[in-house]
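Right, I'll just put the structure down here and ask away after.
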Amino acid sequence: MTKSVFILCLMFVISCKNTEPPKPLSTIPSERQMKWHEMEFYAFVHFNMNTFSNMEWGLGSESPQLFNPTELDCRQWARVCKEAGLKGIIITAKHHDGFCLWPSVYTEHSVKNSPWKNGQGDVVKELAEACKEYGLKLGIYISPWDRNHADYGKPEYLEYFKNQLRELLTNYGEIYEVWFDGANGGTGWYGGANENRKIDNRTYYEWETIHKIVRELQPNACMFSDAGPDIRWVGNEEGWARETNWCMLNRDSVMPGNVPEIEWLRSGQENGSHWVPAEVDVSIRPGWYYHPYEDHKIKTLPQLLDIYYNSVGRNASLLINFPVDKRGLIHENDAQRIIELAEALKMDFAKDLAFNKKVNASETRENSKKYKAGNITDGNPKTYWTTDDEIVSASVTIDFGQPAEFNRILLQEYIPLGQRVKQFSVEAYINMEWKPIANQTTIGRKRILRFQNVTASKLRLTIEDAKASPVISNIEVYKAPKVLVAPEITRNKEGVITISNFDAGLDIFYTVNGNAPDAYSLKYTEPFDLQGKAEIKAIAVDSITGQKSEIAQKYFDKSAVKWKFKIRPGIEGNEVYAFDGDVNTSVKEKFDTSSIFEIDLGEILEIRGFSYLPDQERWNPGVIFNYEFYISLDGVNWGNPVSSGEFANIQNSPVWQKKMFEPVKGRFVKLKALSPAYENGYVGIAEFDIITR
Ligand code: FUL
């Protein structure tokens, strides 16, 4: 044999060497979980009795007569979700108040006794059909806690609950997710008993039997709860998972409604016994259910983008909730916002700059082509790059061929073999030097890193540590456009103006004379002092593309620097909250026969109006309905009110209220509440301002 033939043979032998894949870790996803992972982003719909009683948690005593949507259209829900790229819809078939959206044969507390469609309707059925038509999957939320049922807390209720579950899992086709809420036990109507019923949430529900029913009737459905068994709650309802997020959990030490350590849910557990990945559930509005007074509180595009990157981008799935309104429709503003998000995401992930690019690895398993580095840029989720078993630290370098500008990196582990990476870093080759971009921990099914634009010819991913040989299936690199939303302008009590921007890579330009700003206006670099009246207008500008945001504008009267709020016993909050420029702080009190909020303006001014933003707190907002407004020169003699009446429709729309009157000179002002807007009986102020001449 000649030397060259020998070398060829040797190379052949080497390339034919053991190309066994790495052994899966002991905890890996099931097939049904793998299918669920692919869903990634899907919708929740909270629509039920609470929509009509204007509550978040109904008591169970509500009359079915209340349930009467005027234009219910599940096809509209499905259309919006489809357009937004969502893959499924989970419906609150029964919430804590016990009302059933389907005509269950086991209770009278359902749509069949409502005026809607003369009791002939079935919301679950209509949604199942709409989902089918639009190619979406259907999920079911059924609350274990039932504040309507007379037997809740007794074994009889369990039979009822199981029967209902069977109905839902038998009559509506394929169900992809069954959602078991952790909120459990407490006060309720309970068939008229009106009492507090405590249950032991570890034993009462006999979860094992319930799981069996689901497995038997819907073998492909994943079950969600605080403790899985298939999908876990992420430990908050704000829309984020931790950056370090493992799919594993010591499932047996958590029960629905009984979580010893919330961090286990937020980060998972590196050595958890079961595969129980996190689902991030969050509402597009503050509430889960529709309330007209939250029409102005739909999450902004920047907020939704953060939520997406902090969930899908952190190895979790995202369940975004639409509080369907009393008509039975996703409110047009919510629909518009979710489409905006879909469009922004489309642009963020428009062109993968790493696709099919050359990749080198510091190590490859058995030097085999099967596991070559190029597998991570081939767009095929089934191929991956991996190393020999004993190696837990290695790197891959992507060569763009020429300098490329980017600000997003998407990484994926091949999770059928388990989640492995514990620590990784990313560097960019800029001007012949490797510069660090990120130092991070877990990857999991999907990890997306966001950072300011860099221009580099190469990119290096180094797995610093892993539970076993790293198995990476995918790297994508993108240049997302800047998020051009109008900046936010605020002024604090001291008269300092801050203009803030969602995307740190943009410039802000502003004017203080009411003129429209452009790239030649004043450039905002830091907060500035502005004591007097001014109308500020600001825009965000992408200095590279020249693109501009919409104009933000805000009118300021005199600053509150000299103002003093009179704190009396009973008032919650501190003396600046009513004029600190922060809408999230407030002064408030429980309304008695009248409540007076008094401010010393520190100087005599000619006042011709005032503006009032009620307390914006979610749970117990202080909102004034009937009012009187007084002005005094000395704080002793007040005379008659200069303005009085009501803040019309403030219950439904607690936004800025403005009242104007004939100019009056004074130094002291008093906003007197004559009645609260809500039954909670609180009155208060988030922000207050005066309008001078
Ligand atoms: C919570 C429930 O108590 C809320 O009402 C809502 O359904 C949310 C998704 O889960 O635990």
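The values are calculated or read from the model by the stated rules, or taken from the named source; none is laboratory data. Please read all numbers here as calculations on a predicted model, not as lab measurements. Cβ coordinates were reconstructed from backbone atoms using ideal geometry, including for glycine residues, and neighbour counts include every protein chain displayed. Each accessible area value is taken on the protein alone, full model and side chains, heavy atoms only, with ligands, DNA and RNA left out. Shrake-Rupley method; radii C 1.70, N 1.55, O 1.52, S 1.80 Å.
Given a Förster distance of 56 Å, report the FRET efficiency between I604 and R75 from their Cβ-Cβ distance, rounded to the nearest 0.05.
It comes out at approximately 0.35.
Another question about this same structure. Tell me, how many Å apart are the Cα centres for the stretch 412-431 and for the stretch 269-292?
If you average the Cα positions of each part, the centres end up 25 Å apart.
For the stretch 258-301, what log10 I(q)/I(0) values come out of the Debye formula at q = 0.18 1/Å, with one point per alpha carbon and no solvent?
Log10 I(q)/I(0), no solvent term: -0.69.
Related question: Could you tell me which residue out of F502, V541, N492 lies farthest along the dipole of the stretch 488-556 toward its positive end? Charges go on the beta carbon: Lys and Arg +1, Asp and Glu -1, centred on the Cα centre.
The listed residue farthest towards the positive side: N492.
If the reach is capped at under 27 angstrom between alpha carbons, list the lysines near K672, excluding any in the same chain fewer than eight residues apart.
Qualifying lysines at Cα under 27 Å: K297, K493, K533, K554, K558, K562, K564, K566, K588, K590, K658, K659.
Using packing as a proxy for protection, rank 367-376, 116-125 so that the peptide with the highest average count of other Cβ atoms within 10 Å comes first.
Per-residue mean Cβ counts within 10 Å order the peptides as 367-376, 116-125.
Assuming 1.567 mPa s and 4 °C, estimate D for the stretch 185-329 with Stokes-Einstein, Rh taken as the Kirkwood radius over Cα pairs, in µm²/s.
76
Right, here's the next one. Taking the Cα centre of the chain as the origin, how large is its charge dipole in debye, to the nearest 20, when only Lys and Arg (+1) and Asp and Glu (-1) carry charge on their Cβ atoms?
It works out to roughly 1460 debye.
Quick check for you: with a 1.4 Å probe and neighbouring chains kept, what is the accessible area per residue of the stretch 527-641, in Å²?
49
Please give the contour-minus-distance gain from M34 to W619: 0.36 nm per residue of separation, less the Cα-Cα distance, rounded to one decimal in nm.
Details: separation 585, 0.36 × 585 = 210.60 nm, distance 3.80 nm.
Contour length minus Cα-Cα distance gives 206.8 nm.
Run the quick spin-label model on S653 and E550: label points 7 Å from Cα toward the beta carbon, then report their separation in nm to one decimal.
In this crude label model, S653 to E550 measures out at 1.6 nm.
Now a separate question. Using bins 10 angstrom wide from zero, how does P(r) for the stretch 31-348 break down, in % of all Cα pairs?
6, 28, 37, 24, 5, 0
How large is the direction-averaged shadow of the alpha-carbon convex hull of the stretch 299-357, in nm²?
That works out to 5.1 nm², a quarter of the Cα hull's surface.
Shifting gears a bit: Run the paramagnetic zone check for K533: 7 angstrom along Cα to Cβ, then residues of the stretch 583-624 with backbone nitrogen under 12 Å.
606-609
Carbon and sulfur: what percent of the chain's accessible surface (1.4 Å probe)?
49
7 Å from Cα along Cα→Cβ at both T498 and E216: what's the point-to-point distance in nm?
5.8
For the stretch 283-387, what is the convex hull volume of the alpha-carbon atoms per residue, in Å³?
Numbers: hull volume 13.1 nm³, N = 105.
Per-residue hull volume (Cα only) is 124 Å³.
Over the alpha-carbon set of the chain, work out the extent along each principal axis and list the three values in angstrom, largest first.
Each principal axis gives a Cα extent; for the chain these are 115, 70, 42 Å.
From Cα coordinates alone, what are the radius of gyration and Dmax values for the stretch 231-285 in angstrom?
Every Cα atom of the stretch 231-285 included, Rg and Dmax give 10.6, 36 Å.
Continuing with this model, one more query. Could you give the accessible area per residue of the stretch 31-348, probe 1.4 Å, as a whole number in Å²?
36
Continuing with the same structure: Using 10 Å bins from zero, what percent of all Cα-Cα pairs in the stretch 564-691 falls into each bin?
Cα pair-distance distribution for the stretch 564-691, in percent: 14, 49, 33, 4.
Can you tell me the dipole magnitude for the stretch 26-148 around its Cα centre, using point charges on the Cβ only (Lys, Arg +1; Asp, Glu -1), in Debye to the nearest 20?
260
Hey, another quick one. By per-residue mean of other Cβ atoms within 10 Å, what is the highest-first order of 681-688, 323-330, 402-409?
681-688, 323-330, 402-409
Let me ask something else. If contacts are Cα pairs under 8 angstrom and at least 6 residues apart, what is the relative contact order of the stretch 31-348 in percent?
Reported relative contact order: 21 percent.
With point charges of +1 on the Cβ of Lys and Arg and -1 on the Cβ of Asp and Glu, referenced to the Cα centre of the chain, which listed residue (H95, G185, V426) lies farthest in the positive direction of the dipole?
So the residue we want is V426.
Using Cα atoms only, what is the angle between the long axis of helix 123-134 and the major principal axis of the chain, expressed in degrees (0 to 90) to the nearest 10?
50
With a 1.4 Å probe and every protein chain left in place, work out the accessible area per residue of the stretch 358-478 in Å², rounded to a whole number. Show your work: numbers first, answer last.
Values: 4750 Å² over 121 residues.
Per-residue accessible area for the stretch 358-478 comes out at 39 Å².
Now for a separate question. How many angstrom lie between the Cα centre of the stretch 334-364 and the Cα centre of the stretch 151-170?
44
To the nearest 20 debye, what charge dipole does the stretch 358-478 have about its Cα centre, counting +1 at the Cβ of each Lys and Arg and -1 at the Cβ of each Asp and Glu?
Here the stretch 358-478 has a charge dipole of around 400 debye.
Still on this structure, please answer the following. Which order do peptides 518-529, 29-40, 133-144 fall in by mean Cβ count within 10 Å, highest first?
Descending packing order for the listed peptides: 133-144, 29-40, 518-529.
Continuing with this model, one more query. Given a Förster distance of 30 angstrom, what is the FRET efficiency for M432 paired with A519, based on the Cβ-Cβ distance and rounded to 0.05? Could you put the intermediate results ahead of the total?
Working: r = 33 Å, r/R0 = 1.11.
E(calc), rounded to 0.05, equals 0.35.
Modelled label-to-label distance, E332 and S457, 7 Å Cα→beta-carbon offset: nm?
That separation, rounded to one decimal, is 5.5 nm.
Give, in whole angstrom and from largest to smallest, the semi-axes √(5λ) of the equivalent ellipsoid of the stretch 524-599, with λ running over the eigenvalues of the Cα gyration tensor.
Computed over the stretch 524-599, the values are 36, 14, 11 Å.
Next question. Would you work out which of I685, S311, S114 lies farthest towards the positive end of the dipole of the chain, given +1 charges on the beta-carbon of Lys and Arg and -1 on that of Asp and Glu, about the Cα centre?
The residue sitting most towards the positive pole is S311.
Between S26 and K566, what is 0.36 nm times their sequence separation minus the Cα-Cα distance? Round to one decimal in nm. If you can, show how the numbers build up before the last one.
Details: separation 540, 0.36 × 540 = 194.40 nm, distance 6.40 nm.
Extra length from S26 to K566 when fully extended: 188.0 nm.
Right, something else. Take the stretch 358-478, compute every pairwise Cα distance, and split them into 5 Å bins from 0; I just need the percent in each bin.
So the P(r) values, bin by bin, are 2, 12, 24, 27, 20, 11, 4, 0.
Using only Cα atoms, locate the centre of the stretch 556-634 and the centre of the stretch 185-207, then give the distance between them in Å, rounded to an integer.
42
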